[in-house]
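Peer 1: Pasting a structure here, questions to come.
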Amino acid sequence: NAGVTQTPKFRILKIGQSMTLQCAQDMNHNYMYWYRQDPGMGLKLIYYSVGAGITDKGEVPNGYNVSRSTTEDFPLRLELAAPSQTSVYFCASSALSGDGYTFGSGTRLTVV
Amino acid sequence: RKEVEQDPGPFNVPEGATVAFNCTYSNSASQSFFWYRQDCRKEPKLLMSVYSSGNEDGRFTAQLNRASQYISLLIRDSKLSDSATYLCVVTKNGNAGKSTFGDGTTLTVKP
């Protein structure tokens with residue numbers, strides 16, 4: 001039972017490059033979320049989705065985009081990477097609104 | 001003011017001690033409450049949900065006071081393996097399940 005799978009685990013990007021962080025869950029959860037966590041800080045919501053084909057912005061969406069073509073997958077796209085996007089990115093899912101989350105193991109991104 | 005506030009600590013306690021963490025939230029519309037545990041360089045993991053009636057899971061007890069907008073986590077008989085950062089989380093039902101995370105309280109249990 002894989003839960004939430006994120007790839008890659010680590011990545012170094014140069015300023016201006018783009019990349020996609022992958023997230024997949026096998027629990028048939030409708031709700032999926034992308035958070036970023038800066039050192040010593042709490043998690044901040046980037047984007048979320050309540051089901052396939054439905055996405056919306058969170059607290060810190062600038063510089064990111066998402067899509068949700070299937071229930072299982074929720075990729076996060078970074079366009080024109082900037083040093084301020086250096087962070088740990090966590091994908092999470094939940095079955096119902098108000099449930100606790102299951103998190104992926106995270107992607108540690110450094111932009112240089 | 002942050003929507004969820006925690007004492008960052010660190011809390012350094014000996015094995016066997018009892019330690020309590022507190023958390024306050026500002027949005028009275030918050031409906032669901034959780035404590036997560038996060039080990040160094042790992043993802044957060046759900047520790048327990050928090051209810052007004054209080055709930056207990058082994059050595060861990062969580063309490064919610066809606067009137068004071070206050071959540072607590074009590075750990076009894078601390079173990080070395082309890083060393084981690086504890087995150088207080090609140091969610092507004094009907095808000096697509098979006099959760100707001102506190103910055104975390106760091107606990108170190110020493111031999």
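The values are calculated or read from the model by the stated rules, or taken from the named source; none is laboratory data. As the structure is a computational prediction, the values presented were derived from the model and not from experiment. Positions of Cβ are backbone-derived with ideal geometry, glycine not excepted, and every protein chain shown enters the neighbour counts. Ligands, DNA and RNA are stripped out before the accessible areas are found, and what is left, the full protein with its side chains, is counted by its heavy atoms. Shrake-Rupley method; radii C 1.70, N 1.55, O 1.52, S 1.80 Å.
Peer 1: If you take every residue apart from residue A:5 with its C-beta less than 13 Å away from the C-beta of residue A:5, what net charge results, scoring Lys and Arg +1 and Asp and Glu -1?
Peer 2: Local charge sum for residue A:5: -3.
Peer 1: Which value, in Å², gives the accessible area per residue of segment B:5-111 when a 1.4 Å probe is used on the protein heavy atoms?
Peer 2: 46
Peer 1: Same structure again: Only Cα pairs within less than 10 Å get springs; with that Gaussian network setup on chain A, which residue of A:55, A:70, A:86 has the largest fluctuation?
Peer 2: Checking each option, the largest mean-square fluctuation is seen for A:70.
Peer 1: Kindly work out what percent of the DSSP beta bridges joining two residues of the protein assembly as shown are antiparallel, to the nearest 5.
Peer 2: Percent antiparallel among DSSP bridges in the protein assembly as shown is about 90.
Peer 1: Count the DSSP beta bridges whose two residues both fall in segment A:17-100, then state the antiparallel fraction as a percent rounded to the nearest 5.
Peer 2: Restricted to segment A:17-100, the bridges split so that about 100 percent are antiparallel.
Peer 1: Also: Starting from segment B:1-106, pick out the chymotrypsin sites (Phe, Trp or Tyr not before Pro) whose DSSP state is loop and whose Cβ has at most 13 other Cβ atoms within 10 Å.
Peer 2: Listed in order of number, the matching sites are B:51.
Peer 1: Net charge around residue A:30, counting only other residues with Cβ within less than 15 Å of its Cβ (Lys, Arg = +1; Asp, Glu = -1)?
Peer 2: So the surrounding residues net to -3.
Peer 1: Next question, about the same structure. Report, to the nearest whole %, how much of the accessible area of chain B belongs to carbon and sulfur atoms, 1.4 Å probe, protein only.
Peer 2: Here carbon and sulfur together make up 47 percent of the probe-accessible area.
Peer 1: Using a 1.4 angstrom probe on protein heavy atoms only, which residues from segment B:1-50 are buried by at least 30 Å² of accessible area when all chains are present rather than their own chain alone?
Peer 2: By number: B:34, B:36, B:38, B:41, B:43, B:44.
Peer 1: Still on this model: Percent antiparallel among DSSP beta bridges with both residues in chain B, to the nearest 5?
Peer 2: 90
Peer 1: Counting Lys and Arg as +1 and Asp and Glu as -1, each charge on the Cβ, what is the dipole of the protein assembly as shown about the Cα centre in debye, to the nearest 20?
Peer 2: Computed about the Cα centre, the dipole is about 400 debye.
Peer 1: Are there residues in segment A:63-112 whose accessible area shrinks by at least 40 Å² when all protein chains are included rather than the chain by itself, and which are they (probe 1.4 Å, ligands and nucleic acids not counted)?
Peer 2: Output list: A:97, A:98, A:100, A:101, A:103, A:108.
Peer 1: Given a cut-off of 26 Å, name the pairs among B:2/B:79; A:57/B:45; A:44/B:79; B:2/B:98; B:2/B:45 whose C-alpha atoms lie farther apart than that in the structure shown.
Peer 2: Result: B:2/B:79; A:44/B:79 exceed 26 Å.
Peer 1: Take every residue in peptide A:42-54, count the Cβ atoms of other chains within 10 Å of its Cβ, and give the average of those counts.
Peer 2: Mean partner shielding for this stretch: 3.
Peer 1: Using a probe of 1.4 angstrom, how much of the accessible area of segment A:49-112 is carbon and sulfur, in percent?
Peer 2: Exposed carbon and sulfur together represent 52 percent of the surface.
Peer 1: Something else now. Suppose all protein chains stay in the model; what accessible area per residue would a 1.4 Å probe give for segment A:34-74, in Å²?
Peer 2: 48
Peer 1: If you don't mind, another one. What does the buried accessible surface come to for A and B, summed over both chains, with the probe at 1.4 Å? Round to 100 Å².
Peer 2: 1600
Peer 1: Scanning chain B for trypsin sites (Lys or Arg not before Pro) in DSSP loops with at most 10 other Cβ atoms within 10 Å, what's the longest stretch left with none?
Peer 2: Longest run free of exposed loop sites: B:42-111.
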